[in-house]
Every structure is written in C-alpha cells, then in structure tokens.
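S.K.: Input: one structure, supplied below.
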Amino acid sequence: MVQTLFGGPEKKAGLFERLKKAVASTKAQLVERLDEITTGKHTVDRAVLDELEATLIQADLGVKTTKEIIEHLREKIDRRELREARELRPAIEREILGALERAAAQAGTPRLPPAGQPEVIFVVGVNGVGKTTSIAKLANFYLQQGRRPLLAAADTFRAAANEQLEIWARRLGIEIVGQKSGADPAAVIFDALAAAKKRHDDPVIVDTAGRLHTKYNLMAELEKMIRIAGREVAGAPHQVLLVIDSTTGQNGLQQARQFTERAGTTGIILTKLDGTAKGGVTVAIARELGLPIRFVGVGEKVDDLLPFDPREFVESLFEG
Ligand SMILES: Nc1nc2c(ncn2[C@@H]2O[C@H](COP(=O)(O)OP(=O)(O)OP(=O)(O)O)[C@@H](O)[C@H]2O)c(=O)[nH]1
Ligand SMILES: [Mg+2]
C-alpha cells in the first residue's frame, strides 16, 4: 500500500520528465521558434502569421493542419479576441490540445472481448518503424497492470523475426506462439488464440510483418488475419495499433490513411520520439485523421513506452 501511496505520483512525475526529455527537439523546433517570432513584437500582424505558418509546417504539423490553425487565428484576430503577440503562444497551445483531445474523444471506448476471452491487439505498420520493439514494451505495460499477455509471432516473413520476439518473451517471462518461417500468418493467429483461450492469457498481442501500405497483396493478407481473429474471438481485433515512426514526419499520415482503410486502425503508437524534431506530426495525425495516439516510444528499452495523454503532451511542449 505504501508503495502505491508514495510510488504513484512520483512515478507519474518520472514519466512526465521522460516525456519532456523526449520532446526537447520538437519543442525547440516549435515552441522556441514561436517565442522567437513574437519576441519584440506587440501586435499580431500579417507578417507574424506568415512566419508562424512557416514554423508550424517546419515542425511537421502538416500543410492542412497548419492552414486550419492559421485560419482560426485569423478569425480570432477579426473578432478582436486575439491582438497581442504574447497571446499567440497560449492560442497555439489551445489549438494543439483541442486537436489531440477531439481525436481521443472521437475514438470512443475500445471494443471489448466477451467475458473470459482474450482481448486481441494487432500491431501493424510499414517496415522498421518499431512494431516488434513496441510489442515487447506493450507486453511489459500490461504485465505491470497484472495481466497475462501472450505474443503471437505472425511475422512469418522476415528471417529472424520469430527469434527477435522470442528473446523479448523470454526476458519478460511470457508465452509466445509461432510457426516456422514462411507459414501462413493467419494460422499463427488461429493457434495463438486457441492457446490463449485455453491458458486464460490476455491480451494476445499480434506481431505482423512490416508491409508497405501501397502493396495490395500484403494488405489483403492483413485483412485475412483480421478475419480469422474475428472468427475466433468475437469483436477481434479489439485494437489495431498502427506504429508510426515519428522521424518520418508527414509520410506517416499517408500510411495511417491506408492502414485505417484496409485494417481499421483504432489508434497509433508513435515511436522514436526521442531525438526527433518532427513530433508535431502527432497533431497532424489527430487533426487530419481523427486517430488517437495511444502510446509514444521514447527509446529502445522495454520501459521506453509512455501512455499518451493529450494534456501531458502539450504541457511537456509548452511548459517553462
Ligand atoms: N530510439 C528509439 N528506437 C526505437 C524505438 N522503437 C523502436 N526502435 C528501434 O527501431 C529499430 C526497429 O525496431 P523493430 O521493432 O525491429 O521494428 P519493426 O517495425 O518490427 O521492423 P520490421 O519487423 O522489420 O518491419 C530497432 O533498432 C529498435 O530498437 C523508439 O521509441 N526509440
Ligand atoms: Mg518486426
């Protein structure tokens, strides 16, 4: 009990510090530039807005999102709700928070499995974005919540994908179900769900092969895996988490669109936020696609995954 009493807030403060560290480059690109624009100016004029527009685009908020934000600010200026340059920073902060919160609200509550059956979580994305690593981190997260995750090694395509996941499973002391390289990934899912039902494991986290969102056949294969999961456990997959590498910036948006269309993405894991200045893509994803960010990856270690909270994220950028 003592641990929860004293460990809780302290742990939360520790997570916030780690988030702040991870977004430092994004903060320099976005918020510190914002301060430079407004320094020494009294009122918001056209030149300030033009500079702001360039800054938001450079910070990877995307052209569409940037234009919308600038338009909102212009309306505020017309209504005389925004006049002074020093009001710009809190105005942008509110715009960003609003976009992230709306996306989170739009997503609603995740689907749940029938009582006694495992929650099924698919982890999908293009090659090398950090799917397998994120799965290990996710499993660790659920373990800490007192659940019994099982890993399904449904990347039967890449050589050594199984071994990579097995090493993580061993380290975490959890069960993994796989087949030999080249096997049908849908068969792995079938086996994994049968095992999880028998052993009462939950959730089942499915690793999938990296696939380009433009490759029709591979996307069809993913659809088949999803169909099989739904046949074995009602409502499965209950979550489809799309992993996006934040260092790829705007490319992530196009991936998200395609994966949502074909695989019904329910949320995003944004990886490699540590050491990139492109964290602004978070806002573009939320605003343009209405997809909630569920977790952010801030390093290569198993506990380098932070649950995403819009308010905390915005505070980590704008605080101080
Ligand atoms: N710095 C940093 N590195 C990460 C993060 N997440 C993953 N990585 C690294 O990214 C590289 C690729 O990670 P994987 O998990 O193998 O990526 P994947 O999407 O499973 O790759 P494929 O299965 O080949 O498509 C590894 O070197 C990871 O350690 C993160 O949040 N931060
Ligand atoms: Mg992988």
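S.K.: Cβ-Cβ under 7 Å, sequence separation 6+ or interchain: first residue in the range 114-129 and away from ligand 2 (no atom under 13 Å from the Cβ), partner open to solvent by 10 Å² or more (accessible area, probe 1.4 Å) and charged (D, E, K, R). Which pairs?
M.R.: If the second residue must be open to solvent by 10 Å² or more (accessible area, probe 1.4 Å) and charged (D, E, K, R), the pairs left are Gln117/Lys197; Pro118/Lys197; Pro118/Asp202; Glu119/Asp202.
S.K.: Filter the range 108-165 down to the residues that are aliphatic (A, V, I, L, M) and in a helix (DSSP H, G or I), then identify the one that is modelled with the lowest pLDDT.
M.R.: Out of the qualifying residues, it is Ala161.
S.K.: Out of all the residues in the range 36-43, is one or more outside any helix (DSSP H, G or I) and either closer than 21 Å to Glu315 by Cβ or touching a Ser or Thr at 6+ places or on another chain (Cβ under 6 Å) (or both)?
M.R.: No, the range 36-43 contains no residue that is outside any helix (DSSP H, G or I) and either closer than 21 Å to Glu315 by Cβ or touching a Ser or Thr at 6+ places or on another chain (Cβ under 6 Å) (or both).
S.K.: For the range 91-106, give me each residue that is surrounded by fewer than 15 Cβ atoms within 10 Å (Cβ to Cβ) and touching a residue at least 40 places away in the same chain (Cβ under 8 Å).
M.R.: Gln106
S.K.: Pick from Thr271, Thr248, Thr214, Thr208: which is touching a Phe, Trp or Tyr at 6+ places or on another chain (Cβ under 7 Å) and polar (S, T, N, Q)?
M.R.: From the options Thr271, Thr248, Thr214, Thr208, the qualifying one is Thr208.
S.K.: Still on this model: Which one of the conditions (1) more than 15 Å from Ile135 (Cβ to Cβ); (2) within 15 Å of ligand 1 (Cβ to nearest atom); (3) open to solvent by less than 20 Å² (accessible area, probe 1.4 Å) does Pro185 fail to meet, given that it meets all the rest?
M.R.: Every listed condition holds for Pro185 apart from (1).
S.K.: Right, next: Can you confirm whether Glu312 is touching a residue at least 40 places away in the same chain (Cβ under 8 Å) and closer than 15 Å to Glu17 by Cβ?
M.R.: Considered against the rule, which asks whether it is touching a residue at least 40 places away in the same chain (Cβ under 8 Å) and closer than 15 Å to Glu17 by Cβ, Glu312 comes out as yes.
S.K.: Looking only at residues that are part of a helix (DSSP H, G or I), touching a residue at least 24 places away in the same chain (Cβ under 8 Å) and among the charged types (D, E, K, R) in the range 45-87, which one is farthest from Leu30 (Cα to Cα)?
M.R.: Ranking the qualifying residues of the range 45-87, first place goes to Arg74.
The values are calculated or read from the model by the stated rules, or taken from the named source; none is laboratory data. Here the structure is a predicted model, which is why all the values come from computation and not from measurement. Ideal geometry is used to build each Cβ from the backbone, glycine not excepted, and the neighbour counts take in all protein chains shown. Calculation scope for accessible area: heavy atoms of the full protein, side chains included, ligands and nucleic acids excluded. Shrake-Rupley method; radii C 1.70, N 1.55, O 1.52, S 1.80 Å.
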